[in-house]
Amino acid sequence: MSNCDKKEHDIPYIISQENKEIVRGKDTIPPPPPIPGYLYYGTNTFIIDRNSKIYYFQRNEIGHISGNWERSDTIPYFINLQPKDLIEIPANNVSDLIKANYKDNFRNITFIASKLDTLNSKIYFDLVDVLKLSLKESDLYFIRRTTQEEDTVLKYKKNNDYYNSEEIKWDKNRITFPFIKPKLEKRKN
């Protein structure tokens, strides 16, 4: 039997479909522009793991939003995320976490990230429902694939291994490191 009252909850979210043009009638709607590298991390990020566990980290700042970025500047920036920054959230506490950590006087930009392309777990739908109820008019949320840094740090956290970002062989095509001005040696007279 088919169910005509299929809820939005029953429809899996496919991240890769967001980057394709949409055809509506005779109109073709282009895909949204890619996320600029400095904006890959909002103020709040939820990572949904392969086993439907959910992790959370928060940042105090986000990149400047101007809309004028180079198309080549779409590689996520290195943010020096640490395993201790990722907090595993029990599924039944997501709502409480959002209520306790979302700021009323600040524009909350939230990302839901996953290594999986298709999101159809209960935790994903519950998280989206809670976000929709909790976000204010100026708040935004986006869904994207996890970054190389998130995947790496999550692996170290789950394995309870020592993590030092300088020992990782990062793929420079998937992560942008900040320019660090070299220190000049002082001359002795």
Review point. Restricted to segment 141-156, and to residues that are open to solvent by 60 Å² or more (accessible area, probe 1.4 Å) and either in contact with a Lys or Arg (Cβ under 8 Å, 6 or more places away or on another chain) or among the aromatic types (Phe, Trp, Tyr) (or both), which residue is nearest to Asn93 (Cα to Cα)?
Key: Tyr141
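Among Tyr102, Tyr141, Tyr77, which is of a type in the set (Phe, Trp, Tyr) and within 28 Å of Ile168 (Cβ to Cβ)? Write out each step before concluding.
Values: Tyr102 fails: within 28 Å of Ile168 (Cβ to Cβ); Tyr141 fails: within 28 Å of Ile168 (Cβ to Cβ).
Exactly one residue qualifies, and that residue is Tyr77.
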Exercise for review: Identify, from the list Tyr163, Tyr124, the residue that is of a type outside the set (A, V, I, L, M), farther than 24 Å from Tyr77 by Cβ, open to solvent by less than 30 Å² (accessible area, probe 1.4 Å) and modelled with pLDDT of 85 or more.
Suggested key: Tyr124
Practice item. Might you let me know whether segment 73-85 holds any residue that is touching a Leu at 6+ places or on another chain (Cβ under 8 Å), modelled with pLDDT of 85 or more and of a type in the set (Val, Ile, Thr)? Key: no
Review point. Between a first residue in segment 142-168 that is more than 19 Å from Tyr40 (Cα to Cα) and a second residue that is in a helix (DSSP H, G or I), which pairs have beta carbons less than 7 Å apart while being 6 or more apart in sequence or on different chains?
Key: Tyr156/Pro83; Lys157/Pro83; Tyr163/Pro83; Tyr163/Val153; Tyr163/Tyr156; Ile168/Thr152
Exercise for review: Could you figure out which of (1) modelled with pLDDT under 85; (2) in contact with a Ser or Thr (Cβ under 7 Å, 6 or more places away or on another chain); (3) open to solvent by less than 50 Å² (accessible area, probe 1.4 Å) isn't true of Leu135?
Suggested key: (2)
Check your understanding: When you look at Ile65, is it of a type in the set (A, V, I, L, M), part of a loop (DSSP other than H, G, I, E, B), modelled with pLDDT under 90 and open to solvent by 70 Å² or more (accessible area, probe 1.4 Å), yes or no?
Key -> yes
Revision key, fill the gap. All-but-one check, Leu119 against (1) more than 16 Å from Ile54 (Cα to Cα); (2) crowded, with 17+ Cβ neighbours inside 10 Å, failing number (1)
Practice item. For segment 33-44, state whether one or more residues are at positive phi, part of a loop (DSSP other than H, G, I, E, B) and modelled with pLDDT of 65 or more. Key: no
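The values are calculated or read from the model by the stated rules, or taken from the named source; none is laboratory data. What you see is a predicted model, and the numbers here were worked out from it, not measured in a lab. Ideal geometry is used to build each Cβ from the backbone, glycine not excepted, and the neighbour counts take in all protein chains shown. The accessibility values were calculated without ligands, DNA or RNA, using every heavy atom of the protein model including side chains. Shrake-Rupley method; radii C 1.70, N 1.55, O 1.52, S 1.80 Å.
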